[in-house]
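Reading through the structure tokens given below for one structure.
A short reminder: the numbers here are calculations on the coordinates, not readings from a lab. If you're wondering where the values come from, they're calculated on a predicted model, not measured in any experiment. Cβ sites come from the backbone with ideal geometry, for glycine too, and all protein chains shown count toward neighbours.
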Amino acid sequence: PACCWRAAPYADAGSSMIKQVFSAAGPVLKAAGKAIDSAGMALEAVPITEKLVASTRSVAFGGKVPAGAAAFVAPTATVIGDVTIGPGSSVWYGAKVRGDVHTIKIGANSSVGDNAMVHVAKIAGDSPTLIGDNVTIGANALVHACTLESNVVVGMGAHVLDGAVVGATSMIAPGAIVTPGTKVPAGQLWSGVPAKHLRDLTAEEIEAIMATATETATLSKQHALECSKSFEEVEAEKYEWDDAQIRNDDYLPRVQPGQHPEDDYMGQGTPGLIFNSKLKQVVQPKQKAEW
């Protein structure tokens with residue numbers, strides 16, 4: 001009907017106007033939200049900037065920013081505040097190194113295992129956490145406001161608590177708890193709850209301490225390389241892997257970039273051995289039919 005035909009242009013105009021209103025209001029609302037967030041941060045006693053990203057590998061706290069040349073900090077690990085990490089060291093998946101109320105220093109080629117926790121103390125004493133070179137902290141371990149000298153292994157789930165000092169080339173057994181203020185002499189194995197001297201380390205165990213640190217440092221570089229890949233690189237590798245599962249190199253060999261296969265015909269690529277031809281020209285000479 002004529003009435004409906006006349007109303008259509010007005011409906012289109014109204015829809016266009018609504019879109020313009022939303023387009024204009026969007027940036028204004030976004031700017032207002034940022035202003036409110038900034039005002040809230042200004043009122044906080046200790047301002048913390050939260051980023052909407054999956055990774056919190058490096059978080060500033062109280063004006064202190066984690067520093068150092070760590071070989072690998074896992075995407076799901078967290079390093080906070082006044083933390084220095086030496087070259088070749090690594091912080092693994094789910095681990096936390098929290099230097100919020102004091103200093104944490106980690107030497108070279110040391111590792112903080114999966115879901116381990118390294119923290120400091122300020123209220124009940126004033127203790128930093130100092131970790132030497134070639135130290136291996138096992139998964140789920142707790143290292144709190146203490147000192148681990150070089151070439152030390154802290155077993156999985158073990159606790160080393162406030163003010164304790166673990167001497168060089170020593171081992172803390174898995175699940176052991178080194179109570180506050182304990183001094184572990186060099187070259188010993190401690191175990192139990194509370195941890196006690198079990199025996200001196202053997203020559204093989206001392207060698208294993210260094211080997212473990214070296215192997216972990218090497219492995220961390222491989223993880224760092226994999227975790228640094230872009231989404232496009234990961235998808236390309238997945239495609240290559242899937243292709244390798246179904247491709248038969250005898251039937252359809254893969255041609256690497258820059259290579260030109262001998263059986264490439266007319267620049268169209270290798271069609272597969274079942275279709276391969278030794279033709280050297282596009283048109284074959286006609287042959288006389290034989291009856």
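Quick look at the numbers
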{"quantity": "Shape call, segment 51-192: gyration tensor on alpha carbons, a/c limit 1.5", "calculated": "prolate"}
{"quantity": "Residue 42 versus residue 234: modelled label distance in nm, points set 7 Å from Cα along the beta carbon direction", "calculated": "3.9"}
{"quantity": "Cα gyration tensor shape for segment 99-144, rounded if a/c is under 1.5, else prolate or oblate", "calculated": "oblate"}
{"quantity": "Extension reserve of the residue 202-residue 32 stretch, reckoned as 0.36 nm per residue once the Cα distance is removed", "calculated": "54.6 nm"}
